[in-house]
Every structure is written in C-alpha cells, then in structure tokens.
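The values are calculated or read from the model by the stated rules, or taken from the named source; none is laboratory data. None of the values given here were measured: they were computed from a predicted structure. For neighbour counting, all protein chains shown are included, and Cβ atoms are generated from backbone atoms with ideal geometry for every residue, glycine included.
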Amino acid sequence: MHIRSLLISCLLLLPLFFPAVPAQAVDVAPRITDREIVERLTRLEEGQKNLDKRLSDMQAFNEQRFASMDQRFASMDQRFASIDQRFTDLQNTMLALYGSLIALIIALFGYIAWDRRTMFKPMMARLERIERDLERDLELGHDQGSRLTRLVVMLREMAKTDPKIADALRSCSLQ
C-alpha cells in the first residue's frame, strides 16, 4: 500500500520536470545597427542635457525659494527680537513697580511705628506720674500696708467702741 502511494505521487510530479512544450530561456532580440545605436545615444545625450537643464533650473528656483525663506526668517527674527525687547522692558517696569510698592509698604510700617511711639510717649509719662502720686499718697511700700489698709484697720478698731462707725462700715461692706 505504501509503495503504491509513492508510485502515484511520482507519476503526478513527473509532468512538472518534463513539460510537454519545451520552454526557451532567452528570447532572441532583433539585430540593431550601429546607426540606430548612435541615434539612440544622441537622443539619450539630448535627454540628459534636458534633464541637466531642468535640474539646474530647479536648483536656481530652489535657491530663490531658500533666499526668500531666509528673508522671511530674518524678518521673523527681527520680530522676535522686538517682542523680546518689549518683554524685557515690561519686566523692568514691573520690577520697578514692585520695588516702589515694597518701599511704600515699608514706609507705611515705619510711619505706624513712629505714630505709636509718639502716641504712647505722653501716655507713658502720665502713667508714671500717676504711679508716683499713688505711691506717695498711699504709701504702698509701708511695712504695715498702705494708708487705706491702715485706715480701715483703725476704723474697725474704733467700730468696736462706737456703734455709728460700726454701722457706717457695715453699710460700705468694710467690716
């Protein structure tokens, strides 16, 4: 069975190796004369010259386009330089404005501090004068207490013997 299938596959592949119509590998071209060769070469040279001329025309056109592009880029560079100068000027103006604003704020704080000091100076002098007067009049530094404390102690002692003074101290909540 195995040999039979091998034989059938060989018979099927045999026409691939031996075709019924023989194939020719190379077609024979008709013979060209020397004159035809020269004519074709001159036409090729003329075509080459035309291509060279077109190529040089394209190069000139491209150079012209590149020159115009360079001019455009130069004008754009000038515009950007102008814009850059404007930004620099604007930045300097903003810096000056911010500097003056900060100077004004510092001046305002200085004025506030000066105003407070001038306002507190008379008030502090008055408080010191009141403190001296109280110290002098009430004798706050006395070892038995201030004059008021000693006066209340004396009135309490007198209230023990005098009912009028006792009633007066009770009405003032001092007893």
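Listed values, structure above:
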quantity	calculated
Matching option when the condition is at positive phi, surrounded by 10 or more Cβ atoms within 10 Å (Cβ to Cβ) and free of Cβ contacts under 8 Å to residues at least 60 places away in the same chain, among Glu128, Glu139	Glu139
Meets criteria (aliphatic (A, V, I, L, M), exposed (fewer than 10 other Cβ atoms within 10 Å of the Cβ) and at pLDDT 65 or above) for Leu11	yes
Answer from Gln24, Gln85, Gln71 - the residue that is outside any helix (DSSP H, G or I), polar (S, T, N, Q) and either out of contact with any Leu (no Cβ under 6 Å at 6 or more places or on another chain) or at pLDDT below 90 (or both)	Gln24
Some residue of the range 158-172 being hydrophobic (A, V, I, L, M, F, W, C), in a loop (DSSP other than H, G, I, E, B) and loosely packed, with under 11 Cβ neighbours inside 10 Å	yes
Check on Leu134, in contact (Cβ under 8 Å) with a residue 12 or more places away in the chain and surrounded by 10 or more Cβ atoms within 10 Å (Cβ to Cβ)	no
Residue that is nearest to the chain's Cα centre (by Cα), among those in the range 119-157 that are part of a helix (DSSP H, G or I) and of a type in the set (Asp, Glu)	Glu128
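Here is a yes/no grid of residues against (1) under 29 Å from the mean Cα position of the chain (by Cα); (2) surrounded by 10 or more Cβ atoms within 10 Å (Cβ to Cβ); (3) at pLDDT below 90; (4) of a type outside the set (A, V, I, L, M, F, W, C):
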{"residue": "Asp52", "(1), (2), (3), (4)": "no, yes, yes, yes"}
{"residue": "Ser56", "(1), (2), (3), (4)": "no, yes, yes, yes"}
{"residue": "Phe61", "(1), (2), (3), (4)": "no, yes, yes, no"}
{"residue": "Gln78", "(1), (2), (3), (4)": "yes, yes, no, yes"}
{"residue": "Leu90", "(1), (2), (3), (4)": "yes, yes, no, no"}
{"residue": "Thr93", "(1), (2), (3), (4)": "yes, yes, no, yes"}
{"residue": "Tyr111", "(1), (2), (3), (4)": "no, yes, no, yes"}
{"residue": "Arg117", "(1), (2), (3), (4)": "no, yes, yes, yes"}
